[in-house]
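The values are calculated or read from the model by the stated rules, or taken from the named source; none is laboratory data. As the structure is a computational prediction, the values presented were derived from the model and not from experiment. FYI the Cβ positions are ideal-geometry reconstructions off the backbone, even for glycines, and counts take in every protein chain you see. Surface accessibility is based on the protein's heavy atoms, side chains included, excluding ligands, DNA and RNA. Shrake-Rupley method; radii C 1.70, N 1.55, O 1.52, S 1.80 Å.
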Amino acid sequence: MSHDHDDRPGLNAAQAEAALNPPPGRVGGDLVTETLQGLGAATVFGVSGRPAPGLSGALRRSALAYVELGAENNAAFAADAYGRITGEVAVLLLTAGPGALAALPALQEAAAASAPVLAVCAQVPAAGLGGRRHGHPRELRDQQASFREVVKSVHPVRTASQIPSAIAAAWESALTAPHGPVWVEIPEDVLRAETVLPPVSALDATPRELYPRPELTLVAADLLARAARPAIIAGGGVVRADATGKLRALAERIAAPVATTYGGKGAFPWEHPLSLRSWPGDPRVTELLEAADVLLVVGSGLGALSSGGHTFAPRGRVVQIEADAGKLESNHPALGIHSDAREALDALLDAVEPREDATVADRVRTTLEAAPDLAAAAQGPGPDARVLAAVRAALPDTAPSFWDLTPLTTRAWSAFDARRPNTMHSAQGAGGPGYALPSATGAAFADPTTPVLAVTGEDDAPHTAAELTTARRYGLPVTWLIVDGDGDRGDGGDGDDGDHEDRDGGPDALRPDLVALAESLGVPALRSTPASLATDLTTALPAPGPSVIVLRAR
């Protein structure tokens, strides 16, 4: 078999010389950093101190920026956010055993959110692998087993020559739809050992495209064109695929109302005449979606959070577009199309015939106006409504925000207008505390010119307060809004409902002074109220470096 040309990457003269005469003093860790650089990485995340045996010196010899956070789980959250914001692979360096296990909750969150995180983890020396228990420090019987059901793919390494191929394969896996975290594991002695292998070059880890089956596209286009009451639910897959423009074009072509899941916020313009905004929410919106004779679900598996706890019951034909094959028809029978959202929507736009419906915009408007829960969330009384309004007024449209799970966050899922895709993020997958601040830190590294907001409840704030030192050390534009638990009661903060002890004694008296804590770390901090919050945020967000605002409802 002959080829007219060869598309494989080649070497230039300098690379060829280095291959024939490798520079001295290199170790297995250099193969890691060279591979990462060759694939396009510029920033890697880890913890303070030595990242892993053999990697410290290699990092110093490389052009990679090593970002140090205080704990492995926080470093993994930061990498997750970096991957979400950039759409590129975010690299996480971990040590064996406890260091690796500490990152598990954040990797679970990355898996739920399809964030492309590449975790490179050290392993005990090769002699201790395969069930041979030599008693090495940080030894686990099967470290991979702890991650195999969490990450998208696992890539073990046993010799230095396997390092470039394993990392390249993991990189490709992380970026192939659906994106997700991947795991590379390298024994410590392999990382430390000197190598005569040439510098890594000419890498190719192009992700595979995931196209829809043409016959399924044809059927879906026919169903949508002939539908009397089509509707669309857009999930996070639309945002991750950068398919928001194609979603809008399709909705307008077939005159279909669009609701976005909480993970899909920003996938469709909030004020568009066809927008049902964030859902699940009011029963009237749910009824409109359930009554659709053809319901197009794009980039969502309609899991518990995206279906009102699995209570959603569509009565018409469902067409589901999903990059994760395991989510196809996992909750509802459907015409399942296994595809990246962008590719599938593009194919539908080429195939579907336009349909007209002069009444659809009026039905959407009437539904939203008659939805008291949505109206109350957007405009009703109570400190949480004022807080959301203040955040929206102060936060630039392009600025990302990261939210820990608080009552304010659950209301924001329904009522907060993200305005731009990929700007509102919360821990919807793993749901663990301490997500917001380290994630905001990672996002700030993705774009240091744009302010970032982190939102945390007062009780959870001490879990990650130490990462303020990271934001201060790097001068990151992160504003941390800490919401007093009283601010979520919805009573206007005018009285005590009896659920809290007096602040001069009892449990509340044990809460740390978070303003004083921030100031002790050299971070500007102040106390705010719902009435002054918009002004305080407007001042803090564009200021250089980190800041803290503690919101008191009274």
Shape metrics for region 14-109, restricted to C-alpha atoms - Rg then Dmax, Å: 14.4, 45
Computed over region 216-313, Kirkwood Rh from alpha-carbon pairs, angstrom: 13.3
Overall dimensions of region 513-554 as given by Cα atoms, namely Rg and Dmax in Å: 10.2, 29
Rounded accessible area of E34 (nearest 10 Å², 1.4 Å probe): 40
Relative contact order for region 238-341, counting Cα pairs under 8 Å that sit 6 or more residues apart, in percent: 21
Kirkwood hydrodynamic radius of region 257-370, Cα pairs, Å: 14.7
Label zone at E209, where the point sits 7 Å out along the Cα-to-Cβ direction: region 342-371 residues whose backbone N lies under 19 Å: 342-352
Exposure rank, largest accessible area first [H463, H155; 1.4 Å]: H463, H155
Whole-number D in µm² s⁻¹ for region 297-435, Kirkwood Cα-pair radius fed into Stokes-Einstein, 4 °C, 1.567 mPa s: 72
Dipole magnitude of the chain about its Cα centre (Cβ charges: Lys, Arg +1; Asp, Glu -1), debye to nearest 20: 800
Inter-centroid distance (Cα atoms) of region 426-482 relative to region 227-285, Å: 29
Span per principal axis, largest first, for the Cα atoms of region 402-453 (Å): 30, 25, 16
Accessible-area value, H179, 1.4 Å probe, nucleic acids and ligands omitted, Å²: 50
Where F416, F445 fall by accessible area, highest first, once all protein chains stay in place (1.4 Å): F445, F416
Helix-only CD estimate at 222 nm, as mean residue ellipticity for the chain, using -39500 (n - 2.57) per DSSP H run (n ≥ 4): -10000 deg cm²/dmol
Cβ-Cβ FRET estimate between T366 and A531, R0 fixed at 25 Å, reported to 0.05: 0.15
Heavy atoms of V364: accessible area, 1.4 Å probe, square angstrom to 10: 0
Values of log10 I(q)/I(0), in the order q = 0.15, 0.22 Å⁻¹, for region 127-276 under a Debye, Cα-only, solvent-free model: -0.90, -1.37
Span per principal axis, largest first, for the Cα atoms of region 183-250 (Å): 69, 22, 20
Mean separation of Cα contacts under 8 Å, 6 or more apart, over the residue count of region 250-301: relative contact order %: 28
Rounded Å value of the spacing that divides the Cα centres of region 509-554 and region 83-98: 30
Full-stretch length increase - E68, T359 - with 0.36 nm per residue and alpha-carbon distance subtracted: 99.2 nm
Value of relative contact order over the chain, rounded to a whole percent, pairs C-alpha under 8 Å and six or more apart: 13
Whole-number D in µm²/s for region 152-211 (Stokes-Einstein; Kirkwood sum over Cα pairs; 20 °C, 1.002 mPa s): 170
All Cα pairs of the chain, percent lying beyond 45 Å: 21
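Let me know the volume per residue of the alpha-carbon convex hull for region 261-306, in Å³.
86
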